[in-house]
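The values are calculated or read from the model by the stated rules, or taken from the named source; none is laboratory data. Computed from a predicted model, the values in this text were never measured in an experiment. Positions of Cβ are generated from backbone atoms using ideal geometry, with glycine treated the same way; all protein chains shown enter the neighbour counts.
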Amino acid sequence: MDIISTLVDRRQQLLSALGQHLSISLIALVIAIIIAMPLAFWAARHSKAAAVLLQIAGILQTIPSLALLGLLIPLVGIGTTPAVIALVIYALLPIFQNTYIGITGIDPALEEAADAFGMGRWRKLRKVELPLAAPTIIGGIRTALVLIIGTATLAALIGAGGLGSFILLGIDRNNTALIVIGAVFSALLAIILSALISWLAKQRWQWTAGLVVLLILGVGGTQIASRVNQPETVVIAGKLGSEPDILINMYKQLIEHDDPHIRVQLKSNFGKTTFLFNAVKTGSVDIYPEFTGTVLETLVKQDRTAAHLTAAQTYTAARQALSKQFQMTYLQPMAYQNTYGVAVKRRFAQDHGLTTISSLRNVTDQLSAGFTLEFLDRPDGYQGLKKVYGLHFPTHSFEPALRYAAINNGKVNLVDVYSTDSEIVQYKLQVLRDDKHLFPPYQGAPLMRTAFARQHPGIVRSLNKLAGHITDKQMQQMNYAVNVRNESPAKVARTYLTSHGLLKGGD
């Protein structure tokens, strides 16, 4: 019943995600066919080149999808373009390989008979080779299609939308219904399109080509039309989690309230910090909320650590480094501190007398930690726990929301947390005091390119309204409203802004 009610409530969002997923998948499939099939026809008569091309296609398919997306963002930005490029790369091998096998596997006697009838190369390809190789070629296209649709769920990590947005949101909110909806509809899409390809293979090739052309024109025309006669669009993105989602909705509502001629496009639940930072550098994203400690510890080059600095000193150092090294503007931060911490279950803390991070040294032989990949690699994360506190214990890497499920289910007994996470209350965790001051201050503030800030002083004024607002407790309550009470981030954001006089209640 929970799945059905979620399906009903989010039907418009699902239709949009299906359209995005279908668009990305079909564009990638058509491009892969256009590249791979002609290459395979040529390689069928050049065996040495065929071996090289097969090896290259195989190597390309072994590149991890997240790594490939991360490499593409600095080159082509975010959204549909890098997603399509990545999907094309993964689809090349099955299409090229099956086309090559289909052509080279034709009985030589039939080839000789075609030559005896005086058929030229292209006529022989169209009249003899393609019909005979068609079943094998269609098999490769179907395999590529299923691969594309499955991999396209990762497109949501770089702002391209699709059914992956349901899966990522479900993982982040610990909402099984959203995960099931995203996975089931992705599988249904693969089954339906695979069956459609099989049906088209039995029709006249003119009908198939015509349908492909119509699909391309339809997808392209829709995307062009969506960009014509539109007000200026500002792209704002946020990392995974309810808190960035709430913040970017606040940004959107403030900007559009103050200037109705600007349309804000939100790209929520972006993947990693580096994805977003590179997207701002390339201009694919205009604004995103970043934390002062993250800037100093991860994004800029500096001689000193952010530990032992005050919140004001951390912000000043971050703002100056961003301006000097990347020509970026970092607006005034909000009041709350969303700093890192490590937490255990309250009962575990009571049973072992744990109150500080240093006290973990007494139970290192009993610890099994679940940390995010980012925390594992950060100098103010697990690397800092080893260096500053001398702690060494087994660790497991998790996506942010999954680490909470892991500690709640007893799979691990220590996790990294953000101080405003609603799960601290929800799962009855105790955050251990950072008695050696490893974790620097983390205040959130809008980050944008300096050129963008100069061109949009009104947006800067709108976003500066949040400076000094939102306490730790208020942020934790808003996260709780989204994660536990299932309120929408937009509604939670508007409630805060109106109740604190930053928006008029009727707007």
### Task
Scan region 273-295 and give yes if some residue there is closer than 16 Å to R378 by Cα and surrounded by fewer than 18 Cβ atoms within 10 Å (Cβ to Cβ), otherwise no.
yes
### Query
Given L376, L414, which one is closer than 28 Å to M475 by Cα, modelled with pLDDT of 95 or more and not assigned by TED's automatic domain parsing to the domain that holds T176?
L414
### Query
From the list R319, R347, which one is part of a helix (DSSP H, G or I), within 24 Å of D421 (Cβ to Cβ) and of a type outside the set (A, V, I, L, M, F, W, C)?
R347
### Any hit, region 326-343, residues being in contact with a Leu (Cβ under 8 Å, 6 or more places away or on another chain) and more than 18 Å from F291 (Cβ to Cβ)
yes
### Query
Does any residue of region 321-332 turn out to be in contact with a Ser or Thr (Cβ under 8 Å, 6 or more places away or on another chain) and β-branched (V, I, T)?
yes
### Query
Within the bounds of region 329-341, is there any residue that is surrounded by fewer than 22 Cβ atoms within 10 Å (Cβ to Cβ), free of Cβ contacts under 8 Å to residues at least 24 places away in the same chain and not assigned by TED's automatic domain parsing to the domain that holds A67?
no
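Let's see how each residue does on (1) over 21 Å from A134 (Cβ atoms); (2) out of contact with any strand residue (DSSP E or B) (no Cβ under 6 Å at 6 or more places or on another chain); (3) at pLDDT 75 or above; (4) not in a helix (DSSP H, G or I):
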| site | (1), (2), (3), (4) |
| --- | --- |
| A152 | yes, yes, yes, no |
| A155 | yes, yes, yes, no |
| G162 | yes, yes, yes, yes |
| D172 | yes, yes, no, no |
| I179 | yes, yes, yes, no |
| F185 | yes, yes, yes, no |
| I191 | yes, yes, yes, no |
| A195 | no, yes, yes, no |
| A209 | no, yes, no, no |
### Message
Could you go through region 29-40 and let me know if any residue there is surrounded by 14 or more Cβ atoms within 10 Å (Cβ to Cβ), more than 30 Å from A156 (Cα to Cα) and in contact (Cβ under 8 Å) with a residue 12 or more places away in the chain.
### Response
yes
### Task
Please go through region 385-442 and pick out each residue that is aliphatic (A, V, I, L, M) and in a helix (DSSP H, G or I).
L385, V388, A401, L402, A405, A406, I407, I424, V425
### Task
Name every residue in region 51-79 that is assigned to a helix (DSSP H, G or I), among the β-branched types (V, I, T) and modelled with pLDDT of 85 or more, in order of residue number.
V52, I56, I59, T62
### Query
When region 144-196 is examined, which residues are found to be of a type in the set (A, V, I, L, M) and either farther than 28 Å from T62 by Cβ or outside the structural domain of A57 (by TED's automatic domain parsing) (or both)?
L169, A177, L178, V180, I181, V184, L188, I192, A195, L196
### Message
Against the condition farther than 21 Å from I149 by Cα and not small (G, A, S), how does P38 come out, does it pass?
### Response
yes
#### Entry: Output for region 74-111, where each listed residue is in contact with a Phe, Trp or Tyr (Cβ under 9 Å, 6 or more places away or on another chain) and closer than 12 Å to A160 by Cα
I78
### Task
Output the number of the condition that V146 fails; it satisfies all remaining conditions of (1) more than 15 Å from the chain's Cα centre (by Cα); (2) at pLDDT below 85.
(2)
### Task
State whether the residues of region 383-395 include one that is closer than 17 Å to I171 by Cβ, among the aromatic types (F, W, Y) and buried (at least 18 other Cβ atoms within 10 Å of the Cβ).
no
### Task
Search region 459-477 for residues being modelled with pLDDT under 95 and part of a helix (DSSP H, G or I), and hand back the single one that is surrounded by the most Cβ atoms within 10 Å (Cβ to Cβ).
M475
#### Entry: Pairs, first at pLDDT below 80 in region 99-126, second among the β-branched types (V, I, T), C-beta under 6 Å, six or more apart
A114/V128
### Summary
Counted residues in region 147-199 being surrounded by fewer than 19 Cβ atoms within 10 Å (Cβ to Cβ), under 15 Å from L14 (Cα atoms) and not small (G, A, S) come to 5
### Summary
Matching residues in region 482-494 (surrounded by 15 or more Cβ atoms within 10 Å (Cβ to Cβ) and either under 14 Å from L247 (Cα atoms) or in contact (Cβ under 8 Å) with a residue 60 or more places away in the chain (or both)) number 8
